[in-house]
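Worksheet: one structure, shown below.
All of the numbers you see were taken from the coordinates with simple rules; none came from a lab. Model, not experiment: these values are computed from the prediction. Here Cβ is always computed from backbone atoms with ideal geometry, including for glycine, and neighbour counts include all displayed protein chains.
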Amino acid sequence: MEVNKRQLHYQTNRTSYFEGNAVRKLNTVPDIQRHGRPHEAPSTTPRRQRRRRAKSLSGITFTSLLVLSVAIAATVFTCVEYLMLQNNVSQLEKTLIAMEESLDQKIKANDAAYDQMNQAYDLEYIYKVAVEELGMVYPNNNTIITYQKSNSDYVKQFSDIPK
């Protein structure tokens with residue numbers, strides 16, 4: 001009995017607040033049935049009518065299904081294309097790194113060959129042989145001889161150059 005009085009008191013006095021000397025009911029909560037529904041008898045509608053009702057209640061039409069399918073297909077296509085582009089970019093980056101490493105190796109090999117060539121040919125020795133053994137000297141202003149250029153691409157020397 002006491003439980004029923006509490007429930008009755010709860011159901012009748014469900015207001016959110018009191019204001020002044022006038023009591024207003026604002027935002028009242030609808031009654032909640034705490035007791036389960038009595039067992040309902042099985043539906044007597046035929047199976048076909050239940051399917052039609054389920055289809056009509058689903059809320060999706062053929063056009064909305066078609067639009068949704070196209071949107072999903074476009075999204076999947078875009079994702080696949082994006083992944084393929086990402087793969088291409090990563091392959092190009094790997095190729096670029098390999099080419100840069102190859103370039104670095106070739107530059108190092110070129111520098112090593114240049115240093116080896118400079119060490120193999122001693123310029124001091126070449127100058128000494130040219131001056132002492134072959135009698136070569138640097139030209140002076142009065143030893144330079146100029147000539148007139150002909151229209152051909154080469155020059156033939158028919159006699160010795162005068163001293």
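Things worth noting here:
- Put simply, the C-alpha atoms of the stretch 57-163 give a gyration tensor, and the ellipsoid matching it has half-axes of 80, 25, 9 Å, longest first.
- Distance (nanometres) between label positions extended 7 Å along Cα→Cβ at Met136 and Gln119: 2.5
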